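Written below as structure tokens is the structure these notes are about.
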Amino acid sequence: MTLFSQAFRRVGSAKVDPVLVALWISLILLALIWITPFVFIVFTALKSNATVMGASAFMPPTELAFENFAAAWRRGNFSTTAFNGVVITVIKVPLGLFISAMAAYALAKVPMRMNKALFALFLFGTMLPFQVMLAPIFRQVNAFGLINTYPGIILPYLAFGIPYQVFILYGFFSAVPKELSEAARIDGASHFTIFRRIFLPISLPVLSALLILDFVATWNEFAMALVILQDPKMWTLPLGLMSFQSQFSSDYGELNAAIIMTVLPAALVYLMFQRYFVAGLTSGAVKE
Amino acid sequence: MPQASQSARPERQGYVLLAPALIVYLLFAVYPMIDVIRMSFSSWNGLSPEARFVGLANYRAIVTQDPVFWGALRNTIWWTALAVILPNLISFGLALALNQNIPGKSSLRVVFYLPVIIASIAVATIWKWMYDPFFGLFNNLLMQMGLDGWILDWLGDRKVALWSVFVAHVWQSVGFSMVLFLAGLQGVSATLVEAARIDGAGRWGVFRYVTLPALKPTMMVVFVLSLINSLKAFDIVYGMTGGGPAQSTQMLAMWAYTQSMQLGVFGRGAAVSVVLLLITLVIVLPYIRWMFRREEMAR
């Protein structure tokens with residue numbers, strides 16, 4: 001019970017605080033409610049359709065129907081949608097971070113006449129909801145002839161990801177002491193060199209936090225993909241799941257297997273890189 | 001090297017570094033916003049080469065002829081008002097609790113945050129299955145508890161469908177604000193809390209006079225972010241009900257999409273978008289000014 005020997009006590013007190021114990025119990029109960037959907041999904045994914053319809057929803061599966069996963073993978077075209085998701089994410093996320101970092105460096109460290117106005121323009125973009133203007137985004141991508149192509153989805157993803165990343169990185173770069181870059185400037189280094197040699201390396205922790213955050217956001221994005229990727233061959237996982245849901249909604253086991261396969265990559269990434277999530281979310285949003 | 005070019009060159013380098021991000025942002029985010037405003041004054045079916053200028057006709061149409069617009073507006077307002085209050089109260093409570101000296105804090109945090117990183121469309125699919133009238137979790141549960149009278153077609157009944165979707169939204173969004181609140185709580189000065197205790201402040205006193213004031217900036221951030229998140233509610237509604245039954249869960253963002261992309265009346269869809277954009281801007285502009293000032297002061 002070493003875990004509990006220090007817990008439940010207020011700072012500077014040796015007595016167990018009953019209020020904290022009650023609080024803890026209610027937290028555990030709420031957490032149980034919170035994970036119930038996951039348990040239900042996993043149970044159903046491992047049941048055959050006959051079991052789903054015959055037995056109670058809370059019974060754990062007796063004969064594990066792993067074939068649901070193989071069947072859902074095939075019927076849901078997961079090899080296509082997963083491949084598209086990987087291509088789009090692997091190109092968009094690093095590219096977006098790189099150009100955002102360049103822009104943030106320029107705004108924070110290069111004296112320019114338009115600095116303030118340009119920063120305000122990017123700041124405005126952090127609050128611009130693209131779900132509101134799906135049709136004009138479609139029109140614009142269509143004008144470039146890029147509907148149903150990788151660049152067609154990557155470019156708007158970049159456009160709506162840049163403002164937030166610029167904002168976070170701008171805050172980070174602004175806090176870097178002047179001496180660091182000015183010494184290099186006096187030695188004759190260009191801004192390109194300073195950015196690449198000094199600022200990019202020191203911002204690696206922030207960049208990795210943003211990378212993880214952006215990976216999950218890009219992997220999960222639905223609305224924009226819905227209007228731009230209309231050809232099933234170009235679909236990403238969320239689009240595939242949506243179509244699976246409407247076509248095979250009564251194949252309960254397979255539907256739930258499809259949900260798990262869609263959700264798993266992002267969930268694993270989160271479980272592995274938890275602490276970066278908090279860092280990425282809060283590095284710019286909540287500071288003193 | 002002449003003096004003039006030396007002062008001009010760094011600035012040019014700055015613009016070169018800035019250009020890729022700025023161009024992509026202007027072309028695919030700022031231009032569509034301008035385009036949607038222009039489109040809202042035109043008539044276009046998505047096929048004809050030219051859009052026709054029609055003045056305020058689209059706005060007049062959505063306000064007077066469109067049977068769905070007012071319902072969608074009402075749903076959006078209700079949804080937003082509740083989404084700003086309810087999940088955030090839970091998040092705040094969770095953050096306060098998880099900031100205490102109790103065991104298993106990090107596992108609990110993972111449990112509450114996990115729904116946040118799941119694709120909204122998957123959340124929609126999960127909950128649609130739980131609401132399944134015959135084999136879903138809820139009706140199974142009610143049946144086992146002998147509450148057969150409470151059994152409902154959660155997503156098929158016009159009176160409850162919107163709130164069924166909202167419950168799924170709460171489940172998904174609580175973790176996000178919780179993390180922001182937790183980060184805010186890290187910033188509450190421990191010495192100040194200690195000092196208040198020594199001065200005889202109880203649990204409530206510390207909370208009221210130390211913790212709460214220190215969390216003001218965090219609350220502002222949470223408020224605005226959840227406001228914007230709920231104004232643009234799209235995926236979860238699309239995935240769970242598609243706006244039905246009988247348009248009872250329709251929201252402005254999705255109605256704009258439906259009109260333009262599915263019914264082919266781009267002008268009216270654009271007018272709905274502009275209404276929603278205006279609502280967003282009215283809320284967001286003061287906030288952006290506040291953020292801008294803070295950045296300025298930080299420099």
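Remarks
- Shown for B:Ile77, B:Ile228, B:Ile34: other C-beta atoms within 10 Å of each C-beta, ranked fewest to most, produce the order B:Ile34, B:Ile77, B:Ile228.
- Our note on the geometry: Cα centres of the stretch B:17-84 and the stretch B:257-299, 10 Å apart.
- For the stretch B:100-159 versus the stretch A:13-83, the gap between their alpha-carbon centres in whole angstrom: 10
- Simple label model, 7 Å out from Cα along Cβ direction - A:Ser190 to B:Ala190, nm: 4.9
- Spin-label pair A:Arg9/B:Leu56, simplified geometry with 7 Å Cα→Cβ offset, distance in nm: 7.1
- DSSP H segments from chain B that extend 18 Å or more along their own axis, Cα-based, with Kyte-Doolittle mean of -1.0 or above: B:3-25, B:69-98, B:105-117, B:161-186, B:216-231, B:266-298
- The modelled label-to-label distance between B:Leu285 and A:Arg275, using points 7 Å beyond Cα along the C-beta direction, is 4.3 nm.
- Over 24 Å between alpha carbons, listed pairs A:Lys47/A:Lys233; B:Lys159/B:Lys232; B:Lys128/B:Lys159; A:Lys15/B:Lys105; A:Lys178/B:Lys216; A:Lys47/B:Lys159: A:Lys47/A:Lys233; A:Lys178/B:Lys216; A:Lys47/B:Lys159
- Against chain A, whose longest principal axis comes from its Cα atoms, helix A:204-220 is set at around 40 degrees.
Computed from the coordinates by the stated procedures, all read-outs in this text should not be read as laboratory data. Everything numeric here is computed off the predicted structure, so don't read it as measured data. We place every Cβ from the backbone using ideal geometry, glycine too, and count neighbours over all the protein chains shown.
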